[in-house]
Structures are given as structure tokens and as C-alpha cells.
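As C-alpha cells, the structure follows; a few thoughts come after it.
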Amino acid sequence: MSVDMRAVVESEFPGWLLALQTGFLRPPTAPDELVADRLANADLARTLGVFDRDRIVGTFRSFRQEVSTVGGGSLTADAITQVTVSPTHRRQGLLSRMMTADLGAAKERGDAIATLIAAEYPIYGRYGFGPASWAAEWSVDVRRAGLDPRRSGQPEDGGRIDLADGEEIRKIGPEVHRGLAGVRAGVTDRSTRGWELGTGLGYQIDGWKEPFYAVYRSESGAVEGFVAYSADDKWDDSKQPVNTATVRDLLAVTPAAERALWRYLCSIDWVGTVRSGYRAPDDPLPLLLPDPRAAKTLTYVDMLWVRVLDVVRVLESRTYPVEGGLVLDLRDADGLAGGRYRLDASPAGARCVRTTESADLALDIAELGVLAFGDESAVRLGRLGRVEELTPGAAVRADLLFRTPLRPFSPDIF
């Protein structure tokens, strides 16, 4: 089948959006207000369409993104989103054509990595992506948690929690978000549009229900965290409240703020269940409860996928807890970032260069993204056959260099 792939122009955007809706199994319509909203926030030069005659049958879009690295640094990323192939054109290589074009353009621009949130796990590994962060979600049975129901919703550490509205969150939220990026790897930047959509402004494709907002301030008055949550209104046959509070957004830059916000949520009258929303897998929530079994795990799932485009920048952008060196032999089927590299790292900094020295570890470029963000073990990957240890003990050395005390966390889906 002969098809044409290129960036769309403004007059073609409604058809592109219709193809996107179809691919995501949404109602196959593109109302004017949806078109206007999406068009105003799309870079058409980075909005690809695959055309079969006058119909768009494949969609692909990317945008500039900043992603936090271990130690509070950041990398410029080619963020990939809205990828679809129409059901009439599956298994014809259209995704590969779009991905190859986009990654080539990202490499030429100088982006260090490409990122995406994978709708399906098996798709993107063949393009050099690997899951660099994971997310968990819990459902807390408040009545079983063992918390004292007589306890105030206010923290006992000298700080305080205040109710807020969307306007205040738009003012204070970005600084909290930047603070989180300073302590967790994998945090993607949130644009002004993201803050607006998250607080009810702009076109809302699924409608809008105003949430509750609460802000934690330390004893000094500094804003260290906030939560946005919704609640239902359910009562059982015995006239007992059985409401669920669902977290939409919870960002905290200090342990005190995390503890205070979770305890606040579990102290709200009429709330019997708290759903955490997606959290870092090492979030303190379950162990904050006197009975951690009251927090039932609902999901544990891959979140941010990373594709390394610039090995030197990726490895030099992060911090390392110990001194050590490794020679990595990186396989890259697409020829974008493969080769042999020597990494010399210490708490004072890191240097990465190409080398002809014998390699300590051999691995696919997808595994490097996973290791560089600190969430995986080279020893474990070796047991899976995804890392080859060429020098005895090299996988353990890699773990000492790459692993981090806090797991990466990506609170935003794009």
C-alpha cells in the first residue's frame, strides 16, 4: 500500500485529530472547539501524519521536554505522544516510519533522550526505549489503618494544612514541582497549559469536576507540598458514609509534607477509603499507617520510557554516590547512540568518553536508559540476559554507581 508521511499543515489538522480519536477508540468526531484547543498547542512541524490518498491513517506528535536526572540535573527530551495507526493500516510498518523520522530529527536537534508513556508494553523496546520509572497505586481502608480517629487533620510538627483553590495552586504549584525534580529523577516539566488544565482552565475534553485542594506549609511558612483530591457521595443502607477520596495530584518536596498530607487525607470525616493515584513505588504511604495491610496495592505499572540519544550527556548529567569506572559496549540497532564508552564517576562529577578499551558490560541502548535513571539493577538485568557481564564483578560495580536511594517518579502523563 502506497502511503505518504509528512508533517501536517493547519488545514489538515482536523483530519489528523479525527484519526487520533479513531486510534484511541474515542468517538470519531473532531468538534471545532477541540480542534481549536489542540491546534493552539501543537507544533505542526513536529506533528506527523501518514496519508492514504486524502485520509490520515497514522498520527505522531512530539514536543520539547525537560526531565530531571539523579541529583537534580536535567536533560532535554523529545517527548513523544498521540501515536496511533488506524485499524485498517496495522502491521504495515507505519509506526516504524514515523518513529525513525522523529528520532532522527531529535538526534539532529541535539536532544539527549526521547521519552514516552507506553499504552502497551511490548511496542517500544524495539526502538531502543526502556521503562525508566514505575508507578504504584494503593487503596487505603481508613477504618482498618489503625489511625486515631480523634486526631486533628492538622500536622503535629509545627506546620499547618490550609484549604486552597485552583488559582492558588497555579501560583504555588510550579515551585513545588521544581522542588520535586530536585530530589527525584524522572520528573518531567509541567507547562503553564498543564497547570491550567489540571486546575480546570481551558477546554476539558472529558468535562470538569472541581476538586478540593489542600496546601502544607512548614513551621516557617514555606510551601512544601499540596494535594488535589475529589470525593464521591455514597452512603450504605445503614445510613453510614462509604465515601472514597481519590487523589488527583499530590506533590511534596519534604518527608514532613508527605506525612502530613497523607494523614490529612485519612482524617477527613465521611471518608472510608483513600485512593492514592499513581505514586512512586517507594512512597511512604503504606508504612505511615499503623497497619500497612490497610493499604491494598491496586497496580504496579511502568510509567516513563526513555530512549538514549546522547550517551555522554545522559551519563554526565547525573550524580554518583561512589567513585568507580566502567566501560560499556552499547548496541543500538538504529545507529543513533551505540558504541563503546568509558565512564569515570565519583561524587565530585563524571566524565564519559568514547573508547577502544575492552568492555566490562555489554547491553542494548534500551537498558542504558533504565540504568541511568537509577531504578534497575545491572545484576538483575544480567540474570535476565539483558546485560552481559564481560568483566567479573562489573555488574555489582554498576549497581554501586547507578542505584539511587529514591526511585524515580514521573507524576505527569503526556
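Condition first: touching a residue at least 60 places away in the same chain (Cβ under 8 Å), among the small types (Gly, Ala, Ser) and within 24 Å of Arg259 (Cα to Cα). Can you find one or more residues in the range 283-300 that meet it?
Checked against the condition, which is being touching a residue at least 60 places away in the same chain (Cβ under 8 Å), among the small types (Gly, Ala, Ser) and within 24 Å of Arg259 (Cα to Cα), the range 283-300 yields at least one hit.
Of all the residues that make up the range 258-276, how many are within 15 Å of Arg144 (Cα to Cα) and polar (S, T, N, Q)?
Result for the range 258-276: 2.
Scan the range 203-230 and report the pairs whose first residue is without any contact (Cβ under 8 Å) to a residue 24 or more places away in the chain and whose second residue is surrounded by 13 or more Cβ atoms within 10 Å (Cβ to Cβ) and among the β-branched types (Val, Ile, Thr), with Cβ atoms within less than 8 Å and a gap of 6+ or a chain change.
Short answer, once both residue conditions are applied: Ser230/Thr246.
Answer yes or no as to whether Ala348 is at pLDDT 95 or above, out of contact with any Lys or Arg (no Cβ under 9 Å at 6 or more places or on another chain) and buried (at least 22 other Cβ atoms within 10 Å of the Cβ).
It is false that Ala348 is at pLDDT 95 or above, out of contact with any Lys or Arg (no Cβ under 9 Å at 6 or more places or on another chain) and buried (at least 22 other Cβ atoms within 10 Å of the Cβ).
Of everything in the range 280-337, what is touching a Lys or Arg at 6+ places or on another chain (Cβ under 6 Å) and under 21 Å from Thr115 (Cα atoms)? Give them in sequence order.
Answer for the range 280-337, where residues must be touching a Lys or Arg at 6+ places or on another chain (Cβ under 6 Å) and under 21 Å from Thr115 (Cα atoms): Ala280, Pro281, Leu309, Leu336.
What number goes with the only condition from (1) outside any loop (DSSP other than H, G, I, E, B); (2) within 30 Å of Leu20 (Cβ to Cβ) that Trp208 does not pass?
Unmet condition: (1).
Would you pick out the residues in the range 114-154 that are open to solvent by less than 20 Å² (accessible area, probe 1.4 Å) and assigned to a loop (DSSP other than H, G, I, E, B)?
Result: Ala118, Gly128, Phe129, Ala132, Ser133, Ala145.
Leu39 is checked against (1) surrounded by fewer than 23 Cβ atoms within 10 Å (Cβ to Cβ); (2) farther than 17 Å from Arg193 by Cα and fails just one. What number does that condition carry?
Every condition holds for Leu39 apart from (2).
For every residue, the table says whether it meets (1) touching a residue at least 24 places away in the same chain (Cβ under 8 Å); (2) assigned to a helix (DSSP H, G or I); (3) more than 21 Å from Glu66 (Cβ to Cβ).
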{"position": "Leu368", "(1), (2), (3)": "yes, yes, no"}
{"position": "Leu381", "(1), (2), (3)": "no, yes, yes"}
{"position": "Thr391", "(1), (2), (3)": "yes, no, yes"}
{"position": "Ile413", "(1), (2), (3)": "yes, no, no"}
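So, in the range 45-54, how many residues would count as being outside any loop (DSSP other than H, G, I, E, B) and more than 24 Å from the chain's Cα centre (by Cα)?
5
Can you name every one of the strands (runs of 3 or more DSSP E) wholly within the range 247-315 that holds 2 or more residues which are in contact with a helix residue (DSSP H, G or I) (Cβ under 8 Å, 6 or more places away or on another chain)?
271-275, 304-308
How many of the residues making up the range 88-100 are in contact (Cβ under 8 Å) with a residue 40 or more places away in the chain and either open to solvent by 40 Å² or more (accessible area, probe 1.4 Å) or not in a helix (DSSP H, G or I) (or both)?
Summing the residues that are in contact (Cβ under 8 Å) with a residue 40 or more places away in the chain and either open to solvent by 40 Å² or more (accessible area, probe 1.4 Å) or not in a helix (DSSP H, G or I) (or both) in the range 88-100 gives 3.
If the requirement is being over 22 Å from Arg403 (Cα atoms), loosely packed, with under 14 Cβ neighbours inside 10 Å and not charged (D, E, K, R), which of these qualifies: Thr355, Thr299?
Sole residue among the options that is over 22 Å from Arg403 (Cα atoms), loosely packed, with under 14 Cβ neighbours inside 10 Å and not charged (D, E, K, R): Thr299.
Among (1) assigned to a helix (DSSP H, G or I); (2) farther than 27 Å from Glu66 by Cβ; (3) touching a residue at least 24 places away in the same chain (Cβ under 8 Å), there is one condition Asp329 misses while meeting the rest; what is its number?
In the conditions (1) assigned to a helix (DSSP H, G or I); (2) farther than 27 Å from Glu66 by Cβ; (3) touching a residue at least 24 places away in the same chain (Cβ under 8 Å), Asp329 misses (1) alone.
Give just the number: which of (1) touching a Leu at 6+ places or on another chain (Cβ under 9 Å); (2) buried (at least 17 other Cβ atoms within 10 Å of the Cβ) does Phe51 not satisfy?
Of the numbered conditions (1) touching a Leu at 6+ places or on another chain (Cβ under 9 Å); (2) buried (at least 17 other Cβ atoms within 10 Å of the Cβ), the odd one out for Phe51 is (1).
Hey, Gly104 hits all of (1) more than 28 Å from Thr47 (Cα to Cα); (2) surrounded by 12 or more Cβ atoms within 10 Å (Cβ to Cβ); (3) out of contact with any strand residue (DSSP E or B) (no Cβ under 7 Å at 6 or more places or on another chain) but one; which does it fall short on?
Gly104 satisfies every listed condition except (1).
Just for the range 302-329: of the residues that are farther than 30 Å from Ile80 by Cβ and β-branched (Val, Ile, Thr), which one is least open to solvent (accessible area, probe 1.4 Å)?
Val327
List every residue pair whose Cβ atoms lie under 9 Å apart, where the two residues are 6 or more positions apart in sequence or sit on different chains, the first residue falls within the range 37-58 and is of a type in the set (Asp, Glu), and the second residue, located anywhere, is in a loop (DSSP other than H, G, I, E, B) and modelled with pLDDT of 95 or more.
Asp52/Ser86
Please find, within the range 201-230, the residue that is farthest from the chain's Cα centre (by Cα) out of those that are surrounded by fewer than 18 Cβ atoms within 10 Å (Cβ to Cβ) and of a type in the set (A, V, I, L, M).
Ala222
Mind checking whether some residue in the range 318-326 is over 20 Å from Val396 (Cβ atoms) and in contact (Cβ under 8 Å) with a residue 60 or more places away in the chain?
No.
In the range 231-260, which residues are open to solvent by 80 Å² or more (accessible area, probe 1.4 Å) and farther than 20 Å from Trp138 by Cβ?
Asp233, Trp235, Asp237, Ser238, Lys239, Gln240
The values are calculated or read from the model by the stated rules, or taken from the named source; none is laboratory data. In this text the structure is predicted, and so the values were computed from the model without any measurement. Virtual Cβ from ideal backbone geometry, glycine too; neighbours counted across all protein chains shown. Ligands, DNA and RNA are stripped out before the accessible areas are found, and what is left, the full protein with its side chains, is counted by its heavy atoms. Shrake-Rupley method; radii C 1.70, N 1.55, O 1.52, S 1.80 Å.
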